[in-house]
Amino acid sequence: MGMGMNIRERIAKRAAQEIQDGMMVNLGIGIPSLVANYLASECRVMFHAENGVLGIGKAPEKGKEDPTLCNAAGFPVTTVPGASYFDSAVAFGMIRSGYLDITILGGLEVSEQGDLANWIVPKKRVPGIGGAMELAKKAKKVIVVMNHTNKNGDAKIMKQCRLPLTAKACVNLIITDMAVIEVTDQGLLLKEVMEPYSTEEVIEATEAHLLVPGEVKIVKES
């Protein structure tokens, strides 16, 4: 089954907790684009977009959209004080130079080595891989947000990705509707389980091997 908005928002809210004051952050398409709505008011962050904006704010209220201001996915955005505009060459120069503290991306599959597949499903038309491969390799921290299984109930966190890769060994943290999992040198570490799921249900829904500490944090539904 697909994710309802409440689940998408819950994942985005948890991802926002990884962002600290003063960071430069890039948000991908889909769930990542919701993250800006859940930042603490005292957290001053410059959100970056590949189309040439640094300093994206929360989504505008309905009817108050600026038709000339959008993110890389084409959705309307607002800006914060100090925001700046530039061309895509400069935007990608920032990425390639390693200035981004975090990138938050959607995912189709993640392997237990931290490989990411997020740009194409075979036989489906897509415009291209875009900037995901550069974001995945050049950001200081890569967070993948996605549902834990696909629409058929199959695992998306796998021993090896079956879909074409975006980048190898790039993912640091996975946040799903079921769990928060850290990619470590020893393997995938289960850090948090989202209510109403249990640790056993997370393990069953994950193809990759999970390292389970003696005590796993349970995240209450809010």
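The values are calculated or read from the model by the stated rules, or taken from the named source; none is laboratory data. Owing to the predicted nature of the structure, the values given are computational and were not obtained by experimental measurement. As a convention, Cβ positions derive from the backbone with ideal geometry for all residues, glycine included, and neighbour counts pool all protein chains shown. Surface accessibility is based on the protein's heavy atoms, side chains included, excluding ligands, DNA and RNA. Shrake-Rupley method; radii C 1.70, N 1.55, O 1.52, S 1.80 Å.
Miscellaneous remarks
- Test: residue in the stretch 120-128 that is in contact (Cβ under 8 Å) with a residue 40 or more places away in the chain and either touching a Pro at 6+ places or on another chain (Cβ under 6 Å) or under 19 Å from Ser33 (Cα atoms) (or both): yes
- Taking strands (runs of 3 or more DSSP E) as the structural unit, those lying wholly within the stretch 107-197 and holding at least 3 residues that are within 19 Å of Arg10 (Cβ to Cβ) correspond to 141-145, 173-175, 179-184, 187-194.
Residue-by-condition table, conditions (1) charged (D, E, K, R); (2) open to solvent by less than 50 Å² (accessible area, probe 1.4 Å):
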position: Arg14; (1), (2): yes, yes
position: Asn26; (1), (2): no, yes
position: Leu39; (1), (2): no, yes
position: Glu42; (1), (2): yes, no
position: Gly52; (1), (2): no, yes
position: Gly57; (1), (2): no, yes
position: Glu61; (1), (2): yes, no
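- Lone qualifier among Ala72, Ala117 - being surrounded by 12 or more Cβ atoms within 10 Å (Cβ to Cβ), in contact with an Asp or Glu (Cβ under 7 Å, 6 or more places away or on another chain) and under 30 Å from Ile203 (Cα atoms): Ala117
- Checking Glu221, Glu207 one by one, the residue that is touching a helix residue (DSSP H, G or I) at 6+ places or on another chain (Cβ under 9 Å), among the acidic types (Asp, Glu) and either in a loop (DSSP other than H, G, I, E, B) or surrounded by 19 or more Cβ atoms within 10 Å (Cβ to Cβ) (or both) is Glu221 and no other.
- Sole residue being among the charged types (D, E, K, R) and closer than 30 Å to Lys159 by Cα, chosen from Asp87, Asp66, Asp115: Asp115
- Candidate set: the stretch 14-35, residues that are in contact (Cβ under 8 Å) with a residue 40 or more places away in the chain and assigned to a helix (DSSP H, G or I); chosen: the one farthest from Arg96 (Cα to Cα): Arg14
- The residues of the stretch 36-48 that are outside any strand (DSSP E or B) and of a type outside the set (A, V, I, L, M), listed by number, are Asn37, Tyr38, Ser41, Glu42, Cys43, Arg44.
- Some residue of the stretch 85-104 being open to solvent by 10 Å² or more (accessible area, probe 1.4 Å), over 18 Å from the mean Cα position of the chain (by Cα), charged (D, E, K, R) and at negative phi: yes
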